[in-house]
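As structure tokens, the structure follows; a few thoughts come after it.
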Amino acid sequence: MSDSHERWHIAIQRLTKDLADKGLLLAAGWQSYRLMTFGPDSPVKEQDAQKFAFYAGAQHVFASMLNMLDEDHEPTDADMARMTHLNQELKEFELQFKARSAAAMRNKGSA
């Protein structure tokens, strides 16, 4: 990881922690995504559309998590299996996202 990429990663982690501590975990995720995805001249309308999709996805996952849990107060084996599947699905996406982000950072550096 290059020095500038490492500094960028640390800054994103710091922003995420600060916002999450204020109860703004989704805002932290959006800001991280926005900073890694959009250039300074990206149209606001495009960013707003992406933000809506980002929050819609987050709302879907959270509502689904709440709805898929069994009625018992303690997590069941089925609950844990669902969470494991969700975790795997998100990890697979994370790998794709990191690859795209790294390519975008390289392209920004060469522009």
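Scan region 7-27 for residues that are of a type in the set (A, V, I, L, M) and surrounded by fewer than 11 Cβ atoms within 10 Å (Cβ to Cβ) and jot them down. Residue satisfying the conditions is ILE10 alone. Hey, among the residues in region 73-111 that are hydroxyl-bearing (Ser, Thr, Tyr) and outside any loop (DSSP other than H, G, I, E, B), which one's farthest from the chain's Cα centre (by Cα)? So the residue we want is SER110.
Just to be sure, is ASP70 among the acidic types (Asp, Glu), in contact with a helix residue (DSSP H, G or I) (Cβ under 9 Å, 6 or more places away or on another chain) and not in a helix (DSSP H, G or I)? Yes: the conditions hold for ASP70. Go through the residues of region 39-54 one by one and say whether even a single one is touching a residue at least 12 places away in the same chain (Cβ under 8 Å) and in a loop (DSSP other than H, G, I, E, B). Looking through region 39-54, at least one residue is touching a residue at least 12 places away in the same chain (Cβ under 8 Å) and in a loop (DSSP other than H, G, I, E, B).
None of GLN47, GLN59, GLN88 is at pLDDT 85 or above and surrounded by 12 or more Cβ atoms within 10 Å (Cβ to Cβ) except GLN47.
Let's see how each residue does on (1) at negative phi; (2) surrounded by 10 or more Cβ atoms within 10 Å (Cβ to Cβ); (3) of a type outside the set (Ser, Thr, Tyr); (4) in contact (Cβ under 8 Å) with a residue 24 or more places away in the chain:
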site: HIS5; (1), (2), (3), (4): yes, yes, yes, yes
site: GLY29; (1), (2), (3), (4): yes, yes, yes, yes
site: ASN67; (1), (2), (3), (4): yes, no, yes, no
site: MET80; (1), (2), (3), (4): yes, yes, yes, no
site: MET83; (1), (2), (3), (4): yes, yes, yes, no
site: ARG100; (1), (2), (3), (4): yes, yes, yes, no
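When the test is whether a residue is over 20 Å from the mean Cα position of the chain (by Cα), part of a helix (DSSP H, G or I) and surrounded by 10 or more Cβ atoms within 10 Å (Cβ to Cβ), MET36 does not pass it.
Take the conditions assigned to a helix (DSSP H, G or I) and either out of contact with any strand residue (DSSP E or B) (no Cβ under 9 Å at 6 or more places or on another chain) or of a type in the set (A, V, I, L, M, F, W, C) (or both) and apply them to GLY29. Does it pass? Taking the combined requirement at face value, the residue satisfies it.
The values are calculated or read from the model by the stated rules, or taken from the named source; none is laboratory data. Everything quoted here is computed from the prediction, not taken from an experiment. Positions of Cβ are backbone-derived with ideal geometry, glycine not excepted, and every protein chain shown enters the neighbour counts.
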